[in-house]
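I have placed the structure first, in the form of structure tokens, so that the comments after it can refer back to it.
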2 protein chains.
Amino acid sequence: METGGMIDEASNMKVILKNYVSVSPQETDMHLTAGTIKLKAPTGSNTLVVKNLFLSCDPYMLFKMMKLESHYTQSYTPGSPITGYGVAKVLDSAHPDFEKDDLVWGITGWEEYSVITETNHLFKIQHTDVPLSYYAGILGMPGMTAYVGFYELCCPKKGENVFVSAASGAVGQLVGQFAKLEGCYVVGSAGSNEKVDLLKNKFGFDEAFNYKEEPDFSATLKRLFPQGIDIYFDNVGGKMLDAVLLNMRVHGRIALCGMISQYNLEQPEGLRNLTTIVSKQVRMQGYLVFDYYHLYPNYLQMILPKIRQTQVLYVEDIADGLENAAAALVGIFSGRNIGKQVVAVDCL
Amino acid sequence: METGGMIDEASNMKVILKNYVSVSPQETDMHLTAGTIKLKAPTGSNTLVVKNLFLSCDPYMLFKMMKLESHYTQSYTPGSPITGYGVAKVLDSAHPDFEKDDLVWGITGWEEYSVITETNHLFKIQHTDVPLSYYAGILGMPGMTAYVGFYELCCPKKGENVFVSAASGAVGQLVGQFAKLEGCYVVGSAGSNEKVDLLKNKFGFDEAFNYKEEPDFSATLKRLFPQGIDIYFDNVGGKMLDAVLLNMRVHGRIALCGMISQYNLEQPEGLRNLTTIVSKQVRMQGYLVFDYYHLYPNYLQMILPKIRQTQVLYVEDIADGLENAAAALVGIFSGRNIGKQVVAVDCL
């Protein structure tokens, strides 16, 4: 419904998905285009108009770029802006729970301004003494993913042996630090020597290795875990998961957070070591963070003091501007990023 | 130490493992031989001398017939009698907790008489109004395996969809009946039409199929579970498990009880559908029943009235005499048995 009076319109740059991708997304699968947007939320619409500040590049977005018949997440619409987690500022609100100048994180569009109609999983940001971009990472969905997977699913105990794959990524760097805080022995794998250095010298992992330089994952794990692995936080699936199975300790726990190594394959790799799940009495659990958002207040209470006291660090890889957003997103599937990949919508 | 007086000696037929087996055990890997045994337990030895009544043929015994470097179970010693679960009567006891004429179930030898030195997992049989052979099956280790896997690990809820493989076996037939008692929809797979008939017409499964007649397990499961599977009780692993993964429902649970389809293979089959564990948020757990024996009194309390009121049935395949024991044991790996395979030591 048109309301009377002036409607402020603004130009609005958007990152558009051209067509569904099949396997490996390319920068050219997206393009930047200019549009316009009305900066007023129609009265009674329960919607918000926001200015996007930071956008999060997350592995699950690949599934939305594909045309999948049945999946937990709906595909994007080619010709429309892609969507994802982000940090934004409310410019106008027709929703009783939000007002102008509120800062929020949740699902928004890859564009300068968005109209948000789905506010169920939109969180108001209350603490601004930490970098706002953190709400796309350590204080947002990836942080909750690390928290839930490690604490709720893996139930760590002091002195246990923890292995994390994709360990310098948005989630992995946190799991490793959480494990150290709990008094565990922690090893991480990553895809470059620079990342391995980060794990050992910044995040305090006990050991780390570049999986690209290890021909036999199982032998590597046996060397680093002579007593076996109690907890495996899996971000990659495939061969690494299969090698871990051979090295699990009795009553081990595996959290399956996502299998990025499998996302670019026509056919997933076959895992042959499942029988050890029985003999070692392992619990393996897949999860999606959405089911656990009710725990967000608990997580904030735990993590904010640790961030302020630099007991937990967070490394971000911030791409400047929407013009670099497509490259940033594509980059996470080849491991180009170091730390959590974020896009700053305006060059700050 | 020799005690004074007469020592009763008896002749003792034994089933001996000749040599370690590599993959598929044959009847000729064992042989029957005669020995003698002293029927008196030396004072202070904490041992028992028992007369074996029933011996249980269980899939895990294959691992003990192999020379495995690291496994949860120790290999047999070639030239010695094989061991396993059984039902026995105490002839003489030098252990304070047991006395002559007690009936027990637990680990014993494949022979007429055994000296039992390890009494930690030996259970005294208190209820003899049910067939004694049941203590090698529904009232013994297989019964506890079904109980623990289904109730403790799968946490069934009324109306859920349950799939059981090797469903007419020692464990599967119980899981299916437990699931029906809980108000679930239950489908079982088995390896012959006779077994399928048993599932549908004796155990009350809602549906059952002969996996040997189904070329595409995933299509079969999709047909029988149009809404997906909430609980999968896996006794077989391999291709069936991989097909189940494609058909799991969100928040599904899988108990991995053993992977008999993989035991005879040089290399296990590769599973390709692990990624659905993440997207469907599935929990998959391997277990060994030994950790749960503290729950045995709870189980007995639940199951005994149900047996007496014929609310739960149990089908056994009883081989007569030690001379048929090797064939009975080998038969379970090709599915020759119908129901729980037991050996009656004396022809009764």
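FYI, it's all coordinate maths here, none of it is from the lab. Here the structure is a predicted model, which is why all the values come from computation and not from measurement. Here Cβ is always computed from backbone atoms with ideal geometry, including for glycine, and neighbour counts include all displayed protein chains.
Between residue A:112 and A:13, the built amide H atoms are under 5 Å apart, and every one of these is 5 or more places off in sequence or on another chain.
According to the square roots a ≥ b ≥ c of the eigenvalues of the Cα gyration tensor, what is the shape class of the range B:141-290, taking rounded for a/c under 1.5, prolate for a/b larger than b/c otherwise, and oblate for the remainder? Since a/c stays below 1.5, the shape of the range B:141-290 is classed as rounded. Within the shell of other residues whose beta carbon sits under 11 angstrom from the beta carbon of residue B:77, the net charge comes to +2, with Lys and Arg scored +1 and Asp and Glu -1. A simple spin-label model places the labels of residue B:346 and residue A:320 9.3 nm from each other, with each point 7 Å out along Cα-to-Cβ.
Tell me, what is the FRET efficiency for residue B:216 and residue A:120 to the nearest 0.05, using R0 = 51 angstrom and their Cβ-Cβ distance as r? Plugging the Cβ-Cβ distance into 1/(1 + (r/R0)^6) gives 0.85. Closest approach of any chain B Cβ to the axis that rotates B onto A belongs to B:270, 1, distance given in whole Å.
Karplus-based coupling profile of the range B:88-100, in residue order and whole Hz: 8, 10, 6, 8, 8, 9, 10, 10, x, 7, 10, 9, 3, with θ = phi - 60° in 6.51 cos²θ - 1.76 cosθ + 1.60 and x standing for Gly or Pro. Values of log10 I(q)/I(0) for the range A:129-190 across q = 0.21 Å⁻¹ run -0.78, by the Debye formula with one identical scatterer at each alpha carbon and no solvent. With label points defined 7 Å past Cα in the direction of Cβ, position residue A:212 shows copy-to-copy spacings of 5.1 nm, given to one decimal and shortest first. The Rg/Rh ratio of the range A:42-87, with Rg taken over Cα atoms and Rh as the Kirkwood radius over Cα pairs, comes to 1.05.
Charge tally around residue B:242: other residues with Cβ under 9 Å, Lys/Arg +1 each, Asp/Glu -1 each, net +1.
For the pair the range B:30-79 / the range A:183-258, the C-alpha centres are spaced 40 Å from each other. Summarising the amide proton neighbourhood of residue A:319: residues at separation of 5 or more, or on other chains, whose placed amide H is nearer than 5 Å comprise A:342, A:343, A:344.
Annotation for residue A:308 and residue A:8: the two label points, set 7 Å from Cα along the Cα-Cβ direction, are 3.3 nm apart. A cut-off of 5 Å between modelled amide H atoms, ignoring neighbours fewer than 5 places along the same chain, links residue A:248 with A:229. When all C-alpha to C-alpha distances in the protein assembly as shown are sorted into bins of 20 Å, what percent of pairs does each bin hold, rounded to whole numbers? Pair shares across the bins are 16, 41, 28, 12, 2, 0. The aspartates and glutamates whose alpha-carbon is closer than 19 Å to the alpha-carbon of residue A:158, local same-chain residues fewer than 8 away aside, are A:182, A:206, A:207, A:230. Sorted shortest first, the separations between the residue A:73 label point and its copies elsewhere in the assembly read 4.4 nm; each point sits 7 Å from Cα along the Cα-to-Cβ line. Karplus-derived 3J(HN,Hα) values for the range A:214-230, using 6.51 cos²θ - 1.76 cosθ + 1.60 with θ = phi - 60°, are 10, x, 10, 4, 5, 5, 4, 5, 5, 5, 7, 10, x, 8, x, 9, 8 Hz; glycine and proline are entered as x. For a straight C-alpha distance cut-off of 13 angstrom, the aspartates and glutamates reachable from residue B:239 (same-chain residues fewer than eight places away being disregarded) are B:214, B:216, B:269. Counting 0.36 nm for each residue step from residue B:97 to residue B:250 and taking away their Cα separation leaves a gain of 50.2 nm. With a simple spin-label model that places each label point 7 Å from the Cα along the Cα-to-Cβ direction, the separation between residue B:293 and residue B:128 comes to 2.2 nm. Restriction of the GluC sites (Glu not before Pro) in the range A:21-124 to DSSP coil positions whose beta-carbon has at most 15 other beta-carbons within 10 angstrom yields A:69, A:99, A:118. Projecting the Cα atoms of A:169, A:66, A:135 onto the charge dipole of chain A (Cβ charges, centred on the Cα centre) puts A:169 farthest toward the positive pole.
Computed 3J(HN,Hα) for the range A:244-249, one whole-Hz value per residue from the Karplus formula 6.51 cos²θ - 1.76 cosθ + 1.60 where θ = phi - 60°, is 4, 3, 5, 10, 6, 8, glycine and proline marked x. For every other residue with a beta carbon closer than 11 angstrom to the beta carbon of residue A:166, add +1 if it is Lys or Arg and -1 if Asp or Glu, then tell me the sum. Combined, the nearby Lys, Arg, Asp and Glu give 0. Remark on the range B:76-215: hydrodynamic radius 17.1 angstrom, per the Kirkwood mean of 1/r across alpha carbon pairs. The rule of thumb for compact globular proteins, 2.2 N^0.38 Å, goes into the C-alpha radius of gyration of chain B 1.03 times. Each copy carries a label point for residue A:10 at 7 Å from Cα along the beta-carbon vector; from one copy to the others these points are 9.2 nm apart, nearest first.
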